[in-house]
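The values are calculated or read from the model by the stated rules, or taken from the named source; none is laboratory data. Only a predicted model underlies this, so the values are computations on that prediction, with no experimental measurement involved. In this analysis, Cβ positions are derived from the backbone assuming ideal geometry, glycine residues included, and neighbour counts consider all displayed protein chains.
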Amino acid sequence: MNGMTISYRDVGEGVAAISLSGQMTIGSTDAAIQVLVEDLLRRGKRTIIFDLAHVTALDSTGVGHFIASYHKIAAAGAEMRIAEASGRILSTFQTSKLDTVFPFYLTVGDAAAKNP
């Protein structure tokens, strides 16, 4: 992937945090996010948190990855949460009204501690 890295870590029983870093814009992302989400769901993760602390740019293509992930996660009966979105990244979600669809948390720890 050009300009973006993806990693994940377990942050609780059945809870995984996917850390994204760099630009989530057209041409900078691919199916790796969806593949990882599907893998985590197969492994029994019931809550998937996207850690956006190190995302530097987000456009409609990047937002589309979150919408697609949300649908996959919800279809599996699991929950998606977003943590550490701020500034222009948070504003992008607010402009598209997705801040009313996805639950947002200040930190990954807050998102992991919150019971569904």
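Descriptive notes on the structure:
- Cβ-Cβ under 7 Å pairs, at least 6 apart or on other chains, segment 1-22 side of a type in the set (Ser, Thr, Tyr), far side at pLDDT 90 or above and outside any strand (DSSP E or B): Tyr8/Leu36; Tyr8/Leu40
- One residue stands out among those in segment 8-20 that are within 11 Å of the chain's Cα centre (by Cα) and not aromatic (Phe, Trp, Tyr): the one that is farthest from Thr47 (Cα to Cα), which is Leu20.
- Answer residue from segment 60-116, given it is of a type in the set (Lys, Arg) and modelled with pLDDT under 95 and is surrounded by the fewest Cβ atoms within 10 Å (Cβ to Cβ) among those: Lys97
- A single entry from Ala68, Ala85, Ala76, Ala53 fulfils the requirement of being more than 12 Å from the chain's Cα centre (by Cα) and at negative phi: Ala76.
- Among the residues of segment 47-74, the one identified as among the small types (Gly, Ala, Ser) and either in a loop (DSSP other than H, G, I, E, B) or under 17 Å from Val108 (Cα atoms) (or both) is Ala53.
- The C-beta contact set for segment 78-104 (first residue under 20 Å from Glu38 (Cα atoms), second residue exposed (fewer than 12 other Cβ atoms within 10 Å of the Cβ), distance under 6 angstrom, 6+ apart or interchain) comprises Glu79/Pro116.
- On the stretch given as segment 67-85, residues that are in contact with a strand residue (DSSP E or B) (Cβ under 8 Å, 6 or more places away or on another chain), closer than 21 Å to Thr25 by Cα and not aliphatic (A, V, I, L, M) total 4.
- If the condition is being more than 18 Å from Val11 (Cα to Cα), touching a residue at least 24 places away in the same chain (Cβ under 8 Å) and among the small types (Gly, Ala, Ser), then segment 30-53 contributes only Ala32.
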